[in-house]
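Working notes, structure below.
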Amino acid sequence: MIPAVLPLLLILCVSSSPIAHGKTSSLKSSAVCSGHRVSIPPSSRAWVPLNHRRGPCSPFPSLNTVPSTVDVLHRDRLRADTIRKGLNGTAGANKRGGVTVPTALGSSLDSLEYVVTVGLGTPAVTQTVHIDTGSDVTWVQCRPCPAAACHPQKDKLFNPVTSATYSAVRCGSAACNGLGRRAFYGNGCSRRGQCQYAVNYGDGSNTTGTYSSDKLTLTPKFAVDHFKFGCSHAEQLFTDKSDGLMGLGGGAQSLVSQAATKAFSYCLPPAASYSGFLRLGEPRAAASRFAVTPMYRSENVDTYYLVLLQGIAVAGRRLRVPPSAFAAGAVVDSGTVVTRLPATAYRVLRAAFRKEMRMYPRVAPPSDSILDTCYNLTGDVKAIPSVSLVFERGATVELDRSSGIMLDGCLAFAPNDDDESVGIIGNVQQRTLEVLYDVAGGAVGFRPGAC
(Lines give C-alpha, C1' and ligand atoms only; values in the text may rest on other atoms or scores of the structure.)
Protein backbone atom coordinates (compact mmCIF):
# COMPACT_ATOMS: atom_id res chain seq x y z
CA MET A 1 0.00 0.00 0.00
CA ILE A 2 1.24 3.48 -0.83
CA PRO A 3 1.82 5.64 2.24
CA ALA A 4 -0.87 8.30 2.40
CA VAL A 5 1.75 10.97 3.02
CA LEU A 6 3.21 10.67 -0.48
CA PRO A 7 1.77 13.47 -2.64
CA LEU A 8 3.58 12.39 -5.81
CA LEU A 9 1.09 9.61 -6.59
CA LEU A 10 3.89 7.10 -6.49
CA ILE A 11 3.30 3.53 -7.61
CA LEU A 12 4.80 0.94 -5.26
CA CYS A 13 6.60 -1.81 -7.16
CA VAL A 14 5.70 -5.39 -6.18
CA SER A 15 7.77 -6.13 -3.10
CA SER A 16 8.76 -9.69 -3.83
CA SER A 17 12.47 -8.97 -3.80
CA PRO A 18 14.77 -11.90 -3.30
CA ILE A 19 16.91 -9.61 -1.14
CA ALA A 20 14.08 -8.05 0.75
CA HIS A 21 14.22 -9.63 3.90
CA GLY A 22 42.27 9.98 6.59
CA LYS A 23 40.82 12.69 4.32
CA THR A 24 37.57 14.45 3.81
CA SER A 25 35.98 13.98 0.42
CA SER A 26 37.17 16.16 -2.44
CA LEU A 27 37.03 16.33 -6.19
CA LYS A 28 40.82 16.14 -6.03
CA SER A 29 42.68 12.85 -5.64
CA SER A 30 46.18 11.49 -5.48
CA ALA A 31 48.21 11.26 -8.67
CA VAL A 32 48.31 7.45 -8.56
CA CYS A 33 45.42 5.07 -9.22
CA SER A 34 45.16 2.67 -6.27
CA GLY A 35 42.62 0.44 -8.05
CA HIS A 36 40.03 -1.50 -6.08
CA ARG A 37 39.93 -1.39 -2.29
CA VAL A 38 38.17 -4.76 -2.11
CA SER A 39 38.81 -8.08 -3.88
CA ILE A 40 37.41 -8.36 -7.38
CA PRO A 41 34.81 -11.15 -7.74
CA PRO A 42 36.52 -14.05 -9.53
CA SER A 43 33.51 -15.26 -11.50
CA SER A 44 30.97 -12.48 -11.85
CA ARG A 45 29.47 -12.63 -15.36
CA ALA A 46 28.36 -9.02 -15.53
CA TRP A 47 30.78 -7.05 -13.35
CA VAL A 48 32.68 -4.13 -14.91
CA PRO A 49 35.06 -1.58 -13.35
CA LEU A 50 33.67 1.91 -12.78
CA ASN A 51 35.80 5.05 -12.43
CA HIS A 52 35.46 8.75 -11.85
CA ARG A 53 35.87 10.59 -15.14
CA ARG A 54 38.66 12.76 -13.68
CA GLY A 55 41.71 11.54 -11.79
CA PRO A 56 44.37 8.84 -12.16
CA CYS A 57 41.89 5.96 -12.58
CA SER A 58 40.03 7.70 -15.39
CA PRO A 59 40.29 6.07 -18.83
CA PHE A 60 40.23 9.55 -20.36
CA PRO A 61 43.39 11.50 -21.22
CA SER A 62 44.33 14.14 -18.68
CA LEU A 63 42.17 17.22 -19.07
CA ASN A 64 43.81 20.63 -19.09
CA THR A 65 41.02 22.20 -17.11
CA VAL A 66 39.22 20.78 -14.10
CA PRO A 67 36.06 22.58 -12.96
CA SER A 68 35.90 23.98 -9.47
CA THR A 69 33.56 22.48 -6.91
CA VAL A 70 31.36 25.56 -7.26
CA ASP A 71 31.08 24.99 -11.03
CA VAL A 72 30.27 21.31 -10.51
CA LEU A 73 27.57 22.16 -7.99
CA HIS A 74 26.11 24.79 -10.31
CA ARG A 75 25.57 22.07 -12.93
CA ASP A 76 24.35 19.83 -10.15
CA ARG A 77 21.62 22.35 -9.39
CA LEU A 78 20.44 22.22 -13.00
CA ARG A 79 20.18 18.44 -12.77
CA ALA A 80 18.27 18.53 -9.47
CA ASP A 81 15.85 21.11 -10.89
CA THR A 82 15.27 18.96 -13.99
CA ILE A 83 14.50 15.87 -11.90
CA ARG A 84 12.00 17.76 -9.78
CA LYS A 85 10.30 19.30 -12.81
CA GLY A 86 10.06 15.93 -14.51
CA LEU A 87 8.46 14.31 -11.48
CA ASN A 88 6.04 17.20 -11.13
CA GLY A 89 5.11 16.95 -14.82
CA THR A 90 6.12 20.57 -15.41
CA ALA A 91 8.86 20.17 -18.02
CA GLY A 92 8.40 22.48 -20.97
CA ALA A 93 7.33 21.18 -24.37
CA ASN A 94 7.74 22.01 -28.03
CA LYS A 95 5.47 21.23 -30.94
CA ARG A 96 7.03 19.13 -33.70
CA GLY A 97 5.11 17.54 -36.51
CA GLY A 98 1.85 17.87 -34.56
CA VAL A 99 3.30 15.96 -31.60
CA THR A 100 4.15 17.56 -28.27
CA VAL A 101 7.78 16.83 -27.40
CA PRO A 102 9.15 17.85 -23.98
CA THR A 103 12.14 20.18 -24.16
CA ALA A 104 13.83 18.43 -21.22
CA LEU A 105 13.83 14.66 -21.65
CA GLY A 106 16.81 13.89 -19.44
CA SER A 107 18.79 15.30 -16.57
CA SER A 108 21.82 17.57 -16.89
CA LEU A 109 24.55 15.76 -18.82
CA ASP A 110 27.59 17.66 -17.63
CA SER A 111 26.98 16.71 -14.00
CA LEU A 112 27.71 13.04 -14.74
CA GLU A 113 30.93 11.84 -13.07
CA TYR A 114 31.29 8.05 -13.42
CA VAL A 115 32.17 5.98 -16.50
CA VAL A 116 32.43 2.33 -17.56
CA THR A 117 33.99 0.75 -20.65
CA VAL A 118 31.93 -1.69 -22.72
CA GLY A 119 32.08 -3.29 -26.17
CA LEU A 120 29.64 -2.49 -28.96
CA GLY A 121 29.13 -4.37 -32.22
CA THR A 122 30.72 -7.46 -33.79
CA PRO A 123 33.65 -7.44 -33.50
CA ALA A 124 33.24 -5.45 -30.27
CA VAL A 125 34.51 -1.88 -30.37
CA THR A 126 35.54 -0.29 -27.07
CA GLN A 127 33.26 2.52 -25.93
CA THR A 128 33.65 4.46 -22.66
CA VAL A 129 30.35 5.90 -21.50
CA HIS A 130 28.88 7.71 -18.53
CA ILE A 131 26.38 5.81 -16.39
CA ASP A 132 23.15 7.61 -15.56
CA THR A 133 20.18 6.39 -13.54
CA GLY A 134 18.37 9.56 -14.65
CA SER A 135 18.34 8.57 -18.35
CA ASP A 136 16.81 5.69 -20.30
CA VAL A 137 18.15 6.00 -23.84
CA THR A 138 21.76 4.85 -24.30
CA TRP A 139 23.75 6.54 -27.07
CA VAL A 140 27.25 6.74 -28.55
CA GLN A 141 28.72 8.95 -31.24
CA CYS A 142 28.73 7.22 -34.63
CA ARG A 143 30.20 7.71 -38.05
CA PRO A 144 29.45 9.76 -39.99
CA CYS A 145 29.71 12.55 -37.42
CA PRO A 146 31.22 15.81 -38.71
CA ALA A 147 33.74 17.50 -36.42
CA ALA A 148 31.47 20.51 -36.11
CA ALA A 149 28.61 18.33 -34.92
CA CYS A 150 30.41 15.97 -32.52
CA HIS A 151 32.78 16.42 -29.60
CA PRO A 152 36.30 14.91 -29.50
CA GLN A 153 36.29 11.55 -27.70
CA LYS A 154 38.74 9.00 -26.27
CA ASP A 155 37.91 6.05 -28.54
CA LYS A 156 37.30 5.82 -32.25
CA LEU A 157 33.80 6.71 -33.38
CA PHE A 158 31.59 3.66 -33.64
CA ASN A 159 31.18 2.73 -37.29
CA PRO A 160 27.95 0.79 -37.97
CA VAL A 161 29.24 -0.38 -41.35
CA THR A 162 31.97 -2.49 -39.76
CA SER A 163 29.67 -4.38 -37.36
CA ALA A 164 28.21 -7.69 -38.57
CA THR A 165 25.34 -7.45 -36.05
CA TYR A 166 24.27 -3.83 -36.57
CA SER A 167 20.87 -2.81 -37.87
CA ALA A 168 18.92 0.43 -37.85
CA VAL A 169 15.56 0.32 -36.10
CA ARG A 170 12.78 0.65 -38.63
CA CYS A 171 10.19 3.40 -38.45
CA GLY A 172 6.82 2.11 -37.32
CA SER A 173 8.40 -0.75 -35.36
CA ALA A 174 7.49 -1.33 -31.73
CA ALA A 175 10.96 -0.19 -30.64
CA CYS A 176 10.66 3.07 -32.58
CA ASN A 177 7.12 3.76 -31.44
CA GLY A 178 8.14 2.88 -27.89
CA LEU A 179 10.44 5.88 -27.73
CA GLY A 180 7.30 7.91 -27.24
CA ARG A 181 7.95 11.20 -25.47
CA ARG A 182 11.68 10.50 -25.15
CA ALA A 183 12.30 11.17 -28.82
CA PHE A 184 10.78 12.33 -32.05
CA TYR A 185 11.19 11.12 -35.59
CA GLY A 186 10.67 14.36 -37.54
CA ASN A 187 7.98 13.63 -40.13
CA GLY A 188 8.35 9.92 -39.40
CA CYS A 189 11.64 8.55 -40.71
CA SER A 190 14.83 9.07 -42.61
CA ARG A 191 14.81 8.53 -46.36
CA ARG A 192 15.74 4.91 -45.77
CA GLY A 193 12.89 4.33 -43.35
CA GLN A 194 15.19 4.38 -40.31
CA CYS A 195 13.92 5.53 -36.92
CA GLN A 196 15.41 8.89 -35.96
CA TYR A 197 15.71 9.98 -32.33
CA ALA A 198 16.56 13.17 -30.45
CA VAL A 199 17.14 13.50 -26.72
CA ASN A 200 17.30 16.91 -25.09
CA TYR A 201 18.81 17.31 -21.62
CA GLY A 202 18.00 19.78 -18.88
CA ASP A 203 21.27 21.70 -19.28
CA GLY A 204 20.66 22.35 -23.00
CA SER A 205 22.75 19.43 -24.26
CA ASN A 206 21.20 17.21 -26.91
CA THR A 207 21.93 14.28 -29.18
CA THR A 208 20.28 13.28 -32.47
CA GLY A 209 20.75 10.39 -34.87
CA THR A 210 19.54 6.92 -35.83
CA TYR A 211 17.92 4.62 -33.29
CA SER A 212 19.84 1.38 -33.74
CA SER A 213 20.35 -2.21 -32.63
CA ASP A 214 23.59 -4.12 -32.05
CA LYS A 215 25.35 -6.47 -29.65
CA LEU A 216 26.45 -4.90 -26.35
CA THR A 217 29.25 -6.72 -24.53
CA LEU A 218 29.91 -5.99 -20.87
CA THR A 219 32.28 -8.89 -20.16
CA PRO A 220 33.44 -11.94 -22.16
CA LYS A 221 30.71 -13.91 -20.38
CA PHE A 222 27.87 -11.39 -20.58
CA ALA A 223 26.40 -9.68 -23.65
CA VAL A 224 23.02 -8.28 -24.68
CA ASP A 225 22.03 -9.12 -28.25
CA HIS A 226 19.89 -6.69 -30.26
CA PHE A 227 20.54 -3.91 -27.75
CA LYS A 228 18.72 -0.70 -28.78
CA PHE A 229 20.69 2.54 -28.58
CA GLY A 230 21.06 5.91 -30.22
CA CYS A 231 23.69 6.17 -32.95
CA SER A 232 24.41 9.88 -32.56
CA HIS A 233 25.37 11.85 -35.65
CA ALA A 234 25.16 15.27 -33.97
CA GLU A 235 25.23 16.63 -30.44
CA GLN A 236 25.53 20.03 -28.80
CA LEU A 237 27.18 21.37 -25.65
CA PHE A 238 28.56 18.04 -24.46
CA THR A 239 32.30 18.74 -24.16
CA ASP A 240 33.56 15.69 -22.28
CA LYS A 241 35.91 13.07 -23.75
CA SER A 242 33.42 10.24 -23.26
CA ASP A 243 31.97 8.26 -26.14
CA GLY A 244 28.38 8.58 -24.94
CA LEU A 245 25.97 7.60 -22.19
CA MET A 246 24.60 4.39 -20.68
CA GLY A 247 20.98 4.78 -19.57
CA LEU A 248 20.24 2.91 -16.32
CA GLY A 249 16.81 4.44 -15.68
CA GLY A 250 13.56 2.56 -15.20
CA GLY A 251 12.16 3.05 -18.71
CA ALA A 252 11.80 0.38 -21.39
CA GLN A 253 14.80 1.72 -23.35
CA SER A 254 17.31 1.39 -20.50
CA LEU A 255 20.03 -1.25 -20.24
CA VAL A 256 18.29 -2.74 -17.21
CA SER A 257 15.05 -3.34 -19.09
CA GLN A 258 16.71 -4.61 -22.24
CA ALA A 259 19.07 -6.98 -20.44
CA ALA A 260 16.07 -8.63 -18.76
CA THR A 261 18.03 -8.94 -15.50
CA LYS A 262 15.66 -6.53 -13.76
CA ALA A 263 18.32 -5.75 -11.17
CA PHE A 264 21.62 -3.91 -11.13
CA SER A 265 23.99 -2.41 -8.61
CA TYR A 266 27.03 -0.18 -8.49
CA CYS A 267 29.60 1.03 -6.02
CA LEU A 268 31.01 4.53 -6.34
CA PRO A 269 34.60 4.74 -5.01
CA PRO A 270 35.55 7.07 -2.15
CA ALA A 271 37.82 9.16 -4.38
CA ALA A 272 38.94 9.44 -8.00
CA SER A 273 42.12 7.55 -7.10
CA TYR A 274 40.12 4.35 -6.51
CA SER A 275 37.88 2.18 -8.70
CA GLY A 276 34.34 0.97 -8.10
CA PHE A 277 32.09 -1.31 -10.12
CA LEU A 278 28.84 -1.72 -12.05
CA ARG A 279 27.08 -5.08 -11.90
CA LEU A 280 24.02 -6.36 -13.79
CA GLY A 281 21.85 -8.94 -12.04
CA GLU A 282 21.44 -9.74 -8.38
CA PRO A 283 24.63 -9.47 -6.29
CA ARG A 284 26.29 -12.51 -4.79
CA ALA A 285 26.56 -10.86 -1.37
CA ALA A 286 24.22 -12.28 1.27
CA ALA A 287 20.86 -10.53 1.46
CA SER A 288 21.42 -9.84 5.15
CA ARG A 289 24.30 -7.51 4.29
CA PHE A 290 21.95 -5.05 2.56
CA ALA A 291 19.73 -2.49 4.26
CA VAL A 292 16.60 -2.79 2.10
CA THR A 293 13.74 -0.37 1.56
CA PRO A 294 10.77 -0.36 -0.88
CA MET A 295 11.18 1.21 -4.31
CA TYR A 296 8.55 3.59 -5.68
CA ARG A 297 7.88 4.86 -9.20
CA SER A 298 6.22 8.08 -10.32
CA GLU A 299 3.13 8.20 -12.52
CA ASN A 300 4.60 11.17 -14.41
CA VAL A 301 7.85 9.54 -15.54
CA ASP A 302 9.10 5.98 -15.17
CA THR A 303 12.81 6.81 -15.31
CA TYR A 304 13.52 7.58 -11.67
CA TYR A 305 13.85 5.27 -8.65
CA LEU A 306 12.28 6.66 -5.48
CA VAL A 307 12.44 5.71 -1.83
CA LEU A 308 10.89 7.08 1.35
CA LEU A 309 13.43 8.70 3.67
CA GLN A 310 12.02 8.78 7.21
CA GLY A 311 14.79 10.10 9.41
CA ILE A 312 18.40 11.18 9.92
CA ALA A 313 20.79 10.40 12.77
CA VAL A 314 23.89 12.39 13.71
CA ALA A 315 26.48 10.94 16.10
CA GLY A 316 24.11 8.04 16.73
CA ARG A 317 21.16 10.21 17.78
CA ARG A 318 17.96 10.35 15.70
CA LEU A 319 17.08 13.94 14.83
CA ARG A 320 13.67 15.35 15.65
CA VAL A 321 12.30 15.93 12.15
CA PRO A 322 8.52 15.72 11.65
CA PRO A 323 7.59 12.77 9.38
CA SER A 324 5.60 15.13 7.16
CA ALA A 325 8.86 16.77 6.08
CA PHE A 326 9.83 13.62 4.17
CA ALA A 327 6.42 13.01 2.59
CA ALA A 328 7.49 13.81 -0.98
CA GLY A 329 9.94 10.91 -1.14
CA ALA A 330 13.49 10.95 -2.52
CA VAL A 331 15.12 9.91 -5.80
CA VAL A 332 18.24 7.73 -5.58
CA ASP A 333 20.38 9.16 -8.37
CA SER A 334 23.87 8.37 -9.67
CA GLY A 335 24.31 11.75 -11.38
CA THR A 336 23.30 14.25 -8.70
CA VAL A 337 26.36 15.14 -6.59
CA VAL A 338 25.08 16.26 -3.17
CA THR A 339 21.93 15.12 -1.40
CA ARG A 340 18.92 17.44 -1.47
CA LEU A 341 16.75 17.40 1.67
CA PRO A 342 13.42 19.02 2.50
CA ALA A 343 14.09 22.48 3.95
CA THR A 344 12.94 21.53 7.47
CA ALA A 345 15.06 18.36 7.56
CA TYR A 346 18.12 20.20 6.29
CA ARG A 347 17.89 22.90 8.96
CA VAL A 348 17.71 20.28 11.71
CA LEU A 349 20.62 18.32 10.22
CA ARG A 350 22.74 21.44 9.88
CA ALA A 351 22.11 22.49 13.47
CA ALA A 352 23.00 19.03 14.81
CA PHE A 353 26.11 18.78 12.64
CA ARG A 354 27.35 22.21 13.69
CA LYS A 355 26.77 21.33 17.34
CA GLU A 356 28.92 18.19 17.01
CA MET A 357 31.59 20.23 15.21
CA ARG A 358 31.54 23.16 17.67
CA MET A 359 35.22 22.61 18.62
CA TYR A 360 36.22 23.43 15.05
CA PRO A 361 35.76 26.99 13.73
CA ARG A 362 33.67 27.28 10.59
CA VAL A 363 35.09 28.91 7.50
CA ALA A 364 33.24 30.89 4.88
CA PRO A 365 31.94 28.72 2.02
CA PRO A 366 33.12 29.49 -1.51
CA SER A 367 31.30 32.33 -3.20
CA ASP A 368 28.04 31.26 -4.88
CA SER A 369 28.29 27.75 -3.41
CA ILE A 370 25.09 25.92 -2.46
CA LEU A 371 26.97 24.48 0.55
CA ASP A 372 26.91 26.59 3.71
CA THR A 373 28.60 24.63 6.53
CA CYS A 374 32.36 24.43 5.95
CA TYR A 375 35.46 23.68 8.03
CA ASN A 376 39.22 23.48 7.59
CA LEU A 377 39.83 19.99 8.95
CA THR A 378 43.18 19.29 7.23
CA GLY A 379 42.24 15.65 6.80
CA ASP A 380 41.02 15.02 10.37
CA VAL A 381 38.32 12.44 9.61
CA LYS A 382 37.82 11.60 13.29
CA ALA A 383 36.38 15.07 13.80
CA ILE A 384 33.43 14.29 11.53
CA PRO A 385 30.39 12.92 13.38
CA SER A 386 28.64 9.88 11.96
CA VAL A 387 25.58 10.55 9.78
CA SER A 388 22.98 7.88 9.00
CA LEU A 389 19.96 7.97 6.73
CA VAL A 390 16.92 6.04 7.90
CA PHE A 391 14.58 4.76 5.20
CA GLU A 392 11.18 3.09 5.26
CA ARG A 393 11.01 -0.27 7.08
CA GLY A 394 13.89 0.78 9.30
CA ALA A 395 16.61 0.47 6.67
CA THR A 396 19.46 2.44 8.25
CA VAL A 397 22.47 3.41 6.15
CA GLU A 398 25.53 4.89 7.84
CA LEU A 399 27.42 7.10 5.40
CA ASP A 400 31.14 6.61 4.86
CA ARG A 401 32.73 9.06 7.28
CA SER A 402 35.76 9.88 5.13
CA SER A 403 33.99 10.37 1.79
CA GLY A 404 30.19 10.34 2.15
CA ILE A 405 29.45 13.30 4.44
CA MET A 406 31.62 16.24 3.40
CA LEU A 407 32.79 17.61 0.06
CA ASP A 408 35.88 19.83 0.03
CA GLY A 409 35.44 20.51 3.74
CA CYS A 410 31.73 21.38 3.53
CA LEU A 411 28.67 19.43 4.65
CA ALA A 412 27.57 17.79 1.39
CA PHE A 413 23.83 18.36 1.76
CA ALA A 414 21.67 21.16 0.40
CA PRO A 415 18.08 22.23 1.12
CA ASN A 416 15.11 22.22 -1.21
CA ASP A 417 13.11 25.43 -1.29
CA ASP A 418 10.35 23.77 0.73
CA ASP A 419 9.16 20.47 2.21
CA GLU A 420 6.88 19.63 -0.71
CA SER A 421 9.59 19.02 -3.34
CA VAL A 422 11.08 15.57 -3.86
CA GLY A 423 14.45 14.95 -2.23
CA ILE A 424 17.47 13.43 -3.99
CA ILE A 425 20.06 11.04 -2.54
CA GLY A 426 23.26 12.23 -4.24
CA ASN A 427 26.35 10.31 -5.24
CA VAL A 428 28.58 11.72 -2.48
CA GLN A 429 26.37 10.00 0.08
CA GLN A 430 26.43 6.77 -1.96
CA ARG A 431 30.23 6.43 -1.98
CA THR A 432 31.63 3.03 -0.89
CA LEU A 433 28.08 1.59 -0.72
CA GLU A 434 26.86 -1.07 -3.11
CA VAL A 435 23.56 0.47 -4.17
CA LEU A 436 21.20 -2.21 -5.46
CA TYR A 437 18.22 -1.38 -7.67
CA ASP A 438 16.04 -4.50 -7.57
CA VAL A 439 13.53 -3.36 -10.18
CA ALA A 440 11.65 -6.67 -10.39
CA GLY A 441 11.44 -7.01 -6.63
CA GLY A 442 10.54 -3.38 -6.01
CA ALA A 443 13.37 -2.63 -3.58
CA VAL A 444 16.50 -0.55 -3.15
CA GLY A 445 19.35 -1.93 -1.06
CA PHE A 446 22.53 -0.49 0.43
CA ARG A 447 25.60 -2.57 1.41
CA PRO A 448 28.44 -0.75 3.24
CA GLY A 449 32.12 -1.07 2.50
CA ALA A 450 31.68 -2.53 -0.99
CA CYS A 451 34.45 -0.57 -2.73
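The values are calculated or read from the model by the stated rules, or taken from the named source; none is laboratory data. The structure displayed is predicted, hence computed values, not measured ones. Every residue, glycine as well, gets a Cβ built from its backbone with ideal geometry; the counts of neighbours run over all protein chains shown. Surface accessibility is based on the protein's heavy atoms, side chains included, excluding ligands, DNA and RNA. Shrake-Rupley method; radii C 1.70, N 1.55, O 1.52, S 1.80 Å.
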Once Rh for segment 340-451 is found with the Kirkwood sum over Cα pairs, what is the Stokes-Einstein diffusion coefficient at 4 °C and 1.567 mPa s, in µm²/s? 85
What residues have an amide H closer than 5 Å to that of GLY311, excluding those fewer than 5 places away on the same chain, when H is modeled at 1.01 Å from N in the peptide plane? VAL390
Determine one quarter of the surface area of the Cα convex hull of segment 282-415, which equals its mean projected area, and express it in nm² to one decimal. 9.8
In whole Hz and in residue order, list the ³J(HN,Hα) couplings for segment 422-431 that follow from phi through the Karplus curve 6.51 cos²θ - 1.76 cosθ + 1.60, θ = phi - 60°; x for Gly and Pro. 5, x, 9, 8, x, 6, 4, 5, 8, 4
Peptides 111-119, 406-414, 151-159: what's the order by average Cβ count within 10 Å, highest mean first? 406-414, 111-119, 151-159
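If you roll a 1.4 Å probe over segment 203-354 with all protein chains in place, what percent of the accessible area is carbon or sulfur?
On the way: 2220 of 4650 Å².
Heavy-atom surface of segment 203-354 belonging to carbon and sulfur, 1.4 Å probe: 48 percent.
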Ordering 273-281, 310-318 by per-residue average of other C-beta atoms within 10 angstrom, highest first, gives 273-281, 310-318
By the C-alpha gyration tensor axes a ≥ b ≥ c (rounded if a/c is under 1.5, else prolate when a/b exceeds b/c, else oblate), the shape of segment 302-367 is oblate
With each pseudo-label sitting 7 Å past Cα toward Cβ, what's the SER367-ALA260 distance in nm, one decimal? 5.8
Taking Cα centroids, how far is segment 332-385 from segment 262-321 in Å? 21
Which ³J(HN,Hα) values in Hz, rounded to whole numbers, follow from the phi angles of segment 320-329 under the Karplus curve 6.51 cos²θ - 1.76 cosθ + 1.60, where θ = phi - 60° and Gly and Pro get x? 8, 10, x, x, 4, 5, 9, 4, 6, x
Gain on full stretching of the segment that runs from ARG170 to SER39 - 0.36 nm per residue minus C-alpha separation: 42.7 nm
Under 5 Å from the placed amide H of GLN196, counting only residues 5+ away or on other chains, we find SER190, TYR211
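Assuming a ≥ b ≥ c are the square roots of the Cα gyration tensor eigenvalues, decide whether segment 283-337 counts as rounded (a/c under 1.5), prolate (otherwise, with a/b larger than b/c) or oblate.
On the way: a/c = 1.97, a/b = 1.09, b/c = 1.80.
In terms of gyration-tensor shape, oblate.
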